[in-house]
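Below is one structure, written out as structure tokens; the observations come after it.
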Amino acid sequence: MKLDIYQIDAFAAGPFEGNPAAVMPLTDWLDDSVLQQLAEENNLSETAFYTARLPVDAGPHDPEYPAYHLRWFTPAVEVDLCGHATLATAAQILEDVHPDAARIQFWTRSGWLHVDRGSDGKLVMDFPAEPPVPTAADPRIVAALGIPVRECLKATDLVFVAESEHDIASMAPDFAVISPLKVRGIVVTAASDVEGLDFVSRWFGAAAGVQEDPVTGSAHSQIAPYWADVLGRNSLVGRQLSARGGTVHCEVRGDRVHLSGAYRRYLRGTVEF
């Protein structure tokens, strides 16, 4: 069997920045075990698979815009929501399949999502907002992070608010403690010291099977509402301080968050198996 594959760096202002995602268009769904093996072979934090065949239980969508069924796999598991691979998939479709479309719609495990063409070459994703709620901090996890923590919150991920941007940039967590946790991942965030940025973050995976994600769009649907409340405004700019780094523009709109960013195409090829 031969399949097309694209690798696109999401939330990337330049080459070798942002979060690489594999995008693999399908005519029909392959067996889930094959999809998982392909994601493991690709060995990126996410592989996105999509098909134009919508499931019978997909809710209504706008017939004006193209619609696809989208799924995301880490090398270990299928996940419910992924930002950077959604942006990468929309970029590939908007450039190669529907160059005249203003919006792409995706039916996913998190319901309908859409991605619009934005300004300056950016793409804008419409995601559900997930404001984190306060929770008790586990001293063992705090010790594993190795930095002072001001708050602990919980949404899809555990969210720890740190004292400073410097602490986040320099931290070296103990993955022997983090990796076995029964939570998708851990977000560590702090206010930014850099002009033009509002907050910074890093994301470490546990149940998702990814040690550190370069740029995590879905984490921003959790921390953007938090920082909007703290800073008293809805338009924010976040920077993920991984080795590659990436910038996410956030607009909190009630129960939705618009996450936008640039992208860079890196690779197009054929998978044979």
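The values are calculated or read from the model by the stated rules, or taken from the named source; none is laboratory data. These numbers come from a predicted model, not from an experiment. Don't worry about glycine lacking a Cβ; one is built from the backbone with ideal geometry, like all the others, and counts go over all protein chains shown. Keep in mind that these areas ignore ligands, DNA and RNA; they rest on the heavy atoms of the full protein, side chains included. Shrake-Rupley method; radii C 1.70, N 1.55, O 1.52, S 1.80 Å.
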Of all residues being in a loop (DSSP other than H, G, I, E, B) and either of a type in the set (Ser, Thr, Tyr) or under 17 Å from SER260 (Cα atoms) (or both) in the stretch 68-100, which is most open to solvent (accessible area, probe 1.4 Å)? Just the residue, please. LEU81
Answer residue from the stretch 31-47, given it is buried (at least 17 other Cβ atoms within 10 Å of the Cβ) and in a loop (DSSP other than H, G, I, E, B) and is farthest from the chain's Cα centre (by Cα) among those: LEU44
Does any residue of the stretch 1-22 turn out to be open to solvent by less than 10 Å² (accessible area, probe 1.4 Å), in contact with a Leu (Cβ under 8 Å, 6 or more places away or on another chain) and part of a loop (DSSP other than H, G, I, E, B)? yes
All positions within the stretch 234-273 that are outside any strand (DSSP E or B) and either farther than 21 Å from ASN42 by Cα or without any contact (Cβ under 8 Å) to a residue 24 or more places away in the chain (or both): ASN234, LEU241, GLY254, ASP255, ALA262
Return only the number of the condition from (1) in contact with a strand residue (DSSP E or B) (Cβ under 8 Å, 6 or more places away or on another chain); (2) at pLDDT below 95 that ILE141 does not satisfy. (2)
If we ask which residues in the stretch 48-67 are in a loop (DSSP other than H, G, I, E, B) and either among the charged types (D, E, K, R) or touching a helix residue (DSSP H, G or I) at 6+ places or on another chain (Cβ under 6 Å) (or both), their number turns out to be 4
Residue by residue through the stretch 101-126, note down the ones that are of a type in the set (Gly, Ala, Ser) and surrounded by 13 or more Cβ atoms within 10 Å (Cβ to Cβ). ALA101, SER110, GLY118
Filtering the stretch 48-57 down to residues that are open to solvent by 10 Å² or more (accessible area, probe 1.4 Å) and either touching a His at 6+ places or on another chain (Cβ under 7 Å) or of a type in the set (Val, Ile, Thr) (or both) yields TYR50, ARG53, LEU54, PRO55, VAL56
Does at least one position in the stretch 210-230 carry a residue that is without any contact (Cβ under 8 Å) to a residue 40 or more places away in the chain and in contact with a Cys (Cβ under 6 Å, 6 or more places away or on another chain)? no
